[in-house]
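S.K.: Before I ask anything, here is the structure I am working with.
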Amino acid sequence: MTAKPANRPLSPEQLGHFAAELDALRARTAATLGQRDADYIRAIVAAVRYTGLAGRTLLFVGAIGGAFLPLLLWPACIAGTLLLALSKILENMELGHNVMHGQYDWMRDPHLDGKTYEWDIAGTGDNWRKTHNYQHHTWTNVRGMDDDVGYGLLRLFPEQRWKPFYLLQPAIAVIFAILFEWGVAIQDLRLGRWFAGKVNNATMREQFRPVGRKMAHQVVKDYVLFPLLAGPFFLPVLLGNIVANVLRNLWTYTIIFCGHFTADAETFAKASVAGESRGQWYLRQLRGSSNLAGGRLLNLLSGNLSHQIEHHFYPDLPANRYAAMAVEVREICSRYGQHYNTGSLPRQFGQVIWRILRHAFPSRPAEPLSAAASVASPLTGAQSSSA
Amino acid sequence: MTAPARLKASRARRPLQRLVQTLVGPAAFDFWASKLHPAWSWSRPLAKIVARHSESRDSVTLLLQPNRHWQGFRAGQHLNISAEIDGIRVTRSYSLSDTPRPDGRIAITVKAIEGGKLSRYLCTTARVGDVLDLGPAFGEMALPATPGGSLLFLAAGSGITPLMALIRNLAGQGMPVSLTLLYWARSREEVCFADELRRLAAQHRGFQVRFVLTRANAVADDECQGRIGAEQLSALVPDAVQRQVYACGPGGFVDTVRTLLAAQVPQFQAEAFTPPPRLIEESGTVQVTLAASGQTLSVPRGQSLLTALEAAGLQPASGCRMGICNTCACGKRSGTTRNLHTDVVQHEPVSALRLCVSSAASDLVLDL
């Protein structure tokens, strides 16, 4: 893999200026939020609704019409499945994820309210708000605090202790990708603690109740009610819904893993975040995140997580602003000599796959590049990792 | 529909409702319903503007057709109205100026206030066919179930609106009381409902109206001049202290009326409206009312609300404590806050106030 890019060490004073410039960019952007952003998110809502309706309609056309006119079956079902998957991807990424961050709370539209929005996925919005909005975004890539570092299932960084179990991870990673929404659904239950007997059954039952309710809702909706609407021709509808959900799972998994598990992404020790300044926080977000260089279609389909760095700097600002902010963020980072981790989707995801394969086997963190860099690192105690 | 029949119908609807709710959900239902009719919604009270007419130089009456989620009101109450202006939903309270009507329509009379976001929008931009969000009706001002005796209504400016609803209600009952209305306005052009009030006064012997102008000369017989005061009041209504008094207007006006009459009259009801404070103090303490738990506490200005509430022994939900995770966000119903990061001052009610990076700049009401 490529050598680790060198980041210029910053003095506390320089870090203060770095943070102030990033804060100023936030303030400049926040001051101009208005109709254009409202129109944007409403256009996304409309796109989700229309693609969803078109997808489900085509599935019915394929299922019912295909029974009488076999020529219809495959084309209509394939187009319907793809449109339904597109609808779910847009809903989960550009709409749900961003709305649940509170990015559009300033509009005060009850349907776009960050605290109550419920998305079209097996996991509950409430669990996501806790594991993602709070734990992941506050403690990004801090080992032992950010559950998203391997999701308690994968070993992606050499600092994670190796166990023979991880030899299975190339296969587990694929299963996890296919079932990603179910992984997200149970993430906050922390079943490992229950298996280990650290959580009693009554507590687990209590915590599972809302999770189970949401899972049942999704299953009944996608795998019972909508297929039943096609009557005896339910099978293509059922299969179409399953495939659409799996396609969405694979895509979201790919995008999310590219956000923090590329070769240059770093993880941090718990001790490094004690007494962290705002500048240090920004720096940790920068070093733990990676962008995807693509274009407007990739921005849209990734829910603007193609701007993972900007998203981690400003998780509560509307994602439709990230592309414009990225120009300035990148310029600020380069002036302060900080590596801005970006690359094409194949390149970044290739690095993720490499991590999954490499760290299935025992590995050790690389020695710090140079003593000077490590001593002057503002993230005292941070152990950077490289593949 | 009779009550049992309605209950039966709603029971029959319930499985269908559950089916629709599972298949599409309220947000998607609202999206598609609004394509069919702009004011249809799964559960939100919305209303379409069906007519608008100018009520005075700077006031407009909007006639609204609410959807089925509107729960109705009593004459004298007000409601919250929301409209989206530049992408942001702005909410203000307005009095319902008409009595409940058989066709279910409701009327609000809005005076364009200088610098007022929603009032200017409703007076100038809002068009017939536009849809507004409604809150439930609220307010204690009401007539007794069987009105009688003599009443005195004191209105200043747009304080006429809830009193107009009460006057129309009384007129609808054939004016079973002896009623005098004193209505202060700056000039004749700012008086609302003048023709209707004069017509009602001519129709009903028990109803008298006097328009009191503060910045114009009185010309008509039913006009007079001057700001409210003890002398003026006793000259215009010699038996004021024997009357049941209803007053509505700006805070200063209502305070004056209260001082002059509240202790002496058999019954006193008042509603005051006050524009949000524009002067922000930096030190001292404010009262924070927690609406859901019914507590009121005193917290220092300038301190993070999260820290202040925790210092008072509360444990509101919280996360990052730096304004990014939104865990501590809660609704703010009224009051002014300052963002500790940006120094931006927010007077508006908001749905998600981040307690960890906001400080109180005035008394607040929070949804906690």
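S.K.: Yes or no: residue A:230 touching a Pro at 6+ places or on another chain (Cβ under 8 Å) and closer than 30 Å to residue A:55 by Cα? Explain how you work it out, then say what you get.
M.R.: On the way: touching a Pro at 6+ places or on another chain (Cβ under 8 Å): yes; closer than 30 Å to residue A:55 by Cα: yes.
When the stated conditions are applied, residue A:230 passes them.
S.K.: Just checking, how many residues over the range A:152-174 are touching a residue at least 40 places away in the same chain (Cβ under 8 Å) and closer than 19 Å to residue A:262 by Cβ? Don't jump to the end; show me each part of the working.
M.R.: Looking only at the range A:152-174, we keep the residues that are touching a residue at least 40 places away in the same chain (Cβ under 8 Å), and these are A:152, A:154-160, A:162, A:166-170, A:173.
From what is left, the residues that are closer than 19 Å to residue A:262 by Cβ are A:154-160, A:169-170, A:173.
Going through the range A:152-174 one residue at a time, the tally reaches 10.
S.K.: If a residue must be part of a loop (DSSP other than H, G, I, E, B) and within 12 Å of chain B (Cβ to nearest Cβ), how many such residues does the range A:1-49 contain?
M.R.: Going residue by residue through the range A:1-49, those that are part of a loop (DSSP other than H, G, I, E, B) are A:1-11, A:31-34.
Going one step further and asking which of them are within 12 Å of chain B (Cβ to nearest Cβ), we end up with A:31-34.
The number of residues fulfilling the criteria is 4.
S.K.: Taking into account only those residues within the range A:107-126 that are at pLDDT 95 or above, part of a helix (DSSP H, G or I) and at the interface with another protein chain (Cβ under 8 Å from one of its Cβ atoms), which is farthest from residue A:86 (Cα to Cα)?
M.R.: A:107
S.K.: Sticking with this one: Step by step: first the residues of the range B:307-326, then only those that are within 14 Å of chain A (Cβ to nearest Cβ) and under 11 Å from residue B:368 (Cβ atoms), then the one that is surrounded by the fewest Cβ atoms within 10 Å (Cβ to Cβ). Which residue is that? Let's see the steps before the verdict.
M.R.: If we filter the range B:307-326 for residues that are within 14 Å of chain A (Cβ to nearest Cβ), which is where we start, we get B:316-326.
Add one more test, that the residue is under 11 Å from residue B:368 (Cβ atoms), and what stays is B:316-317.
Numbers: B:316: 17, B:317: 15.
The qualifying residue surrounded by the fewest Cβ atoms within 10 Å (Cβ to Cβ) is B:317.
S.K.: Go through the range A:213-248 residue by residue and tally those that are within 14 Å of another protein chain (Cβ to nearest Cβ), part of a helix (DSSP H, G or I) and surrounded by fewer than 18 Cβ atoms within 10 Å (Cβ to Cβ). Don't jump to the end; show me each part of the working.
M.R.: Step one: list which residues in the range A:213-248 are within 14 Å of another protein chain (Cβ to nearest Cβ), which gives A:213-230, A:237, A:241.
Filter once more, so that each one left must be part of a helix (DSSP H, G or I): A:213-228, A:237, A:241.
Narrowing the set further to residues that are surrounded by fewer than 18 Cβ atoms within 10 Å (Cβ to Cβ) leaves A:213, A:216-217, A:219-221, A:223-225, A:228.
Adding up the residues that qualify gives 10.
S.K.: Does residue A:27 qualify as being in contact with a Ser or Thr (Cβ under 6 Å, 6 or more places away or on another chain) and over 30 Å from residue A:241 (Cβ atoms)?
M.R.: Values: in contact with a Ser or Thr (Cβ under 6 Å, 6 or more places away or on another chain): yes; over 30 Å from residue A:241 (Cβ atoms): yes.
Considered against the rule, which asks whether it is in contact with a Ser or Thr (Cβ under 6 Å, 6 or more places away or on another chain) and over 30 Å from residue A:241 (Cβ atoms), residue A:27 comes out as yes.
S.K.: Scan the range B:119-136 residue by residue and report those that are within 23 Å of residue B:69 (Cα to Cα) and modelled with pLDDT of 95 or more.
M.R.: Residues of the range B:119-136 that are within 23 Å of residue B:69 (Cα to Cα), as a first pass: B:122, B:126-136.
Of everything in the range B:119-136, those that are within 23 Å of residue B:69 (Cα to Cα) and modelled with pLDDT of 95 or more turn out to be B:122, B:126, B:127, B:128, B:129, B:130, B:131, B:132, B:133, B:134.
S.K.: Mind checking whether some residue in the range B:276-297 is away from chain A (no Cβ under 14 Å), closer than 30 Å to residue A:274 by Cβ and outside any helix (DSSP H, G or I)?
M.R.: For the range B:276-297, residues away from chain A (no Cβ under 14 Å), closer than 30 Å to residue A:274 by Cβ and outside any helix (DSSP H, G or I): absent.
Condition check ((1) outside the structural domain of residue B:246 (by TED's automatic domain parsing); (2) not in a loop (DSSP other than H, G, I, E, B)) across all residues:
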site	(1), (2)
B:140	yes, no
B:154	no, yes
B:180	no, yes
B:219	no, no
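S.K.: Take the conditions more than 14 Å from chain B (Cβ to nearest Cβ), under 30 Å from residue A:33 (Cα atoms) and modelled with pLDDT of 95 or more and apply them to residue A:93. Does it pass?
M.R.: On the way: more than 14 Å from chain B (Cβ to nearest Cβ): yes; under 30 Å from residue A:33 (Cα atoms): yes; modelled with pLDDT of 95 or more: yes.
Yes; evaluated as a whole, the condition is true for this residue.
S.K.: Could you tell me how many of the residues in the range B:122-155 are surrounded by 15 or more Cβ atoms within 10 Å (Cβ to Cβ) and free of Cβ contacts under 8 Å to residues at least 60 places away in the same chain?
M.R.: Of the residues in the range B:122-155, 1 are surrounded by 15 or more Cβ atoms within 10 Å (Cβ to Cβ) and free of Cβ contacts under 8 Å to residues at least 60 places away in the same chain.
S.K.: Out of A:352, A:375, report the one residue that is modelled with pLDDT under 95, assigned to a helix (DSSP H, G or I) and not hydroxyl-bearing (Ser, Thr, Tyr).
M.R.: Details: A:352 fails: modelled with pLDDT under 95.
That would be A:375, the only listed residue that is modelled with pLDDT under 95, assigned to a helix (DSSP H, G or I) and not hydroxyl-bearing (Ser, Thr, Tyr).
S.K.: Moving to a separate point now. Could you check how many residues of the range A:51-90 are within 14 Å of another protein chain (Cβ to nearest Cβ) and under 24 Å from the mean Cα position of the chain (by Cα)?
M.R.: Of the residues in that region, 6 qualify.
S.K.: Could you check, for the range A:192-212, whether at least one of its residues is in contact with a Cys (Cβ under 8 Å, 6 or more places away or on another chain), crowded, with 18+ Cβ neighbours inside 10 Å and assigned to a helix (DSSP H, G or I)? Quick ask: steps written out before the conclusion?
M.R.: Looking only at the range A:192-212, we keep the residues that are in contact with a Cys (Cβ under 8 Å, 6 or more places away or on another chain), and these are none.
Scanning the range A:192-212, I find no residue that is in contact with a Cys (Cβ under 8 Å, 6 or more places away or on another chain), crowded, with 18+ Cβ neighbours inside 10 Å and assigned to a helix (DSSP H, G or I), so the answer is no.
S.K.: Among (1) crowded, with 20+ Cβ neighbours inside 10 Å; (2) under 14 Å from residue B:152 (Cα atoms); (3) touching a residue at least 40 places away in the same chain (Cβ under 8 Å), where does residue B:253 come up short?
M.R.: The single condition residue B:253 does not satisfy is (2).
S.K.: What is the number of the single condition among (1) over 17 Å from residue B:247 (Cα atoms); (2) modelled with pLDDT of 95 or more; (3) within 20 Å of the chain's Cα centre (by Cα) that residue B:175 does not meet?
M.R.: Looking at each condition in turn, residue B:175 falls short on (3).
S.K.: From the list A:129, A:161, pick out the single residue that is surrounded by fewer than 20 Cβ atoms within 10 Å (Cβ to Cβ) and either within 14 Å of chain B (Cβ to nearest Cβ) or of a type in the set (Lys, Arg) (or both). Please lay out each step first, then the result.
M.R.: Working: A:129 fails: surrounded by fewer than 20 Cβ atoms within 10 Å (Cβ to Cβ).
That would be A:161, the only listed residue that is surrounded by fewer than 20 Cβ atoms within 10 Å (Cβ to Cβ) and either within 14 Å of chain B (Cβ to nearest Cβ) or of a type in the set (Lys, Arg) (or both).
S.K.: Can you find, within the range A:331-366, the residue that is farthest from residue A:19 (Cα to Cα) among those that are in contact with a helix residue (DSSP H, G or I) (Cβ under 9 Å, 6 or more places away or on another chain) and free of Cβ contacts under 8 Å to residues at least 12 places away in the same chain?
M.R.: The selected residue is A:353.
Residue-by-condition table, conditions (1) of a type in the set (Phe, Trp, Tyr); (2) surrounded by 20 or more Cβ atoms within 10 Å (Cβ to Cβ):
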position	(1), (2)
A:285	no, yes
A:289	no, yes
A:292	no, yes
A:313	yes, yes
A:319	no, yes
A:324	no, no
A:333	no, yes
A:339	no, no
A:353	no, no
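The values are calculated or read from the model by the stated rules, or taken from the named source; none is laboratory data. All values reported here derive from a predicted model rather than from experimental measurement. Ideal geometry is used to build each Cβ from the backbone, glycine not excepted, and the neighbour counts take in all protein chains shown.
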